[in-house]
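Values quoted throughout were computed directly from the atomic coordinates according to the rules given, and no laboratory measurement underlies them. These numbers come from a predicted model, not from an experiment. All Cβ positions, glycine included, derive from the backbone under ideal geometry; neighbour counts span all protein chains shown.
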Amino acid sequence: RDRLAYVRVVSGVYEKGMKVGHSRSKAGKKYNLAQAQALFGSDRSAVEVAFPGDVIGINNPGCFAIGDTLFTGSDRVAFPGIPSFSPEKFCYIRAPNPSDYKSFRKGMDQLLDEGAVQALRQRNDDGGGPLMLAAVGQLQFEVVQARLRNEYNVDSIMEPLSYTLARWADGGWEAVDKADADGKLFGIMIVQDRWGRPVLLFRNDWKAASLAEEEKYLELKPWSSPPDFEG
């Protein structure tokens, strides 16, 4: 199935076939915007030209995400990234039928790219371990299961976790290792986000607030921002 990214034209003019840079891709890499669409309900119409203020749908090669900037010219342009939501619900998700794994992975990858939920993994997991989902509310989990079943014909099983909030450790893994070695992370789950950055899961607000106050070098934040541009 096709995947669209919705973009608002901020300045200049969109023209069919134009080449653009991407704020999180390597310098010099260009993407060809061969087609754009305007959507009205279930109807789509091709767009040849779009002007500032217009919202259009473009084919997403899998790297365009919420908050990204597309630009023309050689100078990179990037608006401040949009922080991800602060999750309060966590669960493991898996496909009960091993033969559905390929479809399950495809569905989850696309749902995660859309931002339906966030993905977390154990610290040393390179992608082969259990997938953990993080969301603001239970409804997001139910939507994920329904879409896996209806769009990818895959059943899934969710196993809730007893954590109630997450904090990103902007101090990095070295700071997390120090706190862990000092015995400060007892009862706290240490995981990583999709970019390999440390995330701490807590069972109550008091523990999170106490750790943030006592171990300031962890630089705990309740949300994550997209990683800095590299390249």
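Some values worked out for this structure:
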{"read-out": "Inter-probe distance in nm under a simple model that places probes 7 Å from Cα toward Cβ, at GLU219 and GLN122", "value": "2.8 nm"}
{"read-out": "Residue-wise HN-Hα coupling along the stretch 201-216, computed from phi with Karplus coefficients 6.51, -1.76, 1.60 (Hz; x: Gly, Pro)", "value": "9, 10, 8, 7, 5, 4, 5, 5, 5, 5, 5, 4, 6, 7, 10, 4"}
{"read-out": "Where labels lie 7 Å past Cα in the beta-carbon direction, separation of LYS26 and LYS102 in nm", "value": "2.9 nm"}
{"read-out": "For the stretch 1-97, alpha-carbon Rg over 2.2 N^0.38 Å", "value": "1.29"}
{"read-out": "Inter-site label distance for LYS19 and TRP173 at 7 Å from Cα along Cβ, in nm", "value": "3.7 nm"}
{"read-out": "Per-residue [θ]222 nm for the chain (sum of -39500 (n - 2.57) over DSSP H runs n ≥ 4, rounded to 500)", "value": "-6500 deg cm²/dmol"}
{"read-out": "Alpha-carbon Debye profile of the stretch 44-109, log10 I(q)/I(0) at 0.25, 0.27 Å⁻¹", "value": "-1.25, -1.31"}
{"read-out": "FRET efficiency for TYR92 and SER42, using Cβ-Cβ distance with R0 set to 35 Å, rounded to 0.05", "value": "0.50"}
{"read-out": "Of LYS30/LYS106; LYS29/LYS221; LYS16/LYS102, pairs whose Cα-Cα distance is over 28 Å", "value": "LYS29/LYS221; LYS16/LYS102"}
{"read-out": "Estimated FRET transfer efficiency when R0 is 45 angstrom, pair GLN138-SER74 (beta carbons, to 0.05)", "value": "0.45"}
{"read-out": "The stretch 123-214 - Rg (one decimal) and Dmax (whole number), Cα, Å", "value": "15.5, 48"}
{"read-out": "Inter-part distance where the stretch 142-192 and the stretch 93-124 are each reduced to a Cα centre, Å", "value": "14 Å"}
{"read-out": "Cα Rg over Rh - the stretch 56-199, Kirkwood", "value": "1.01"}
{"read-out": "Whole-number percent relative contact order across the chain, with pairs defined as alpha carbons under 8 Å at least 6 apart", "value": "19 percent"}
{"read-out": "Efficiency of FRET from Cβ geometry, ILE157 and LEU4, R₀ 25 Å, rounded to 0.05", "value": "0.25"}
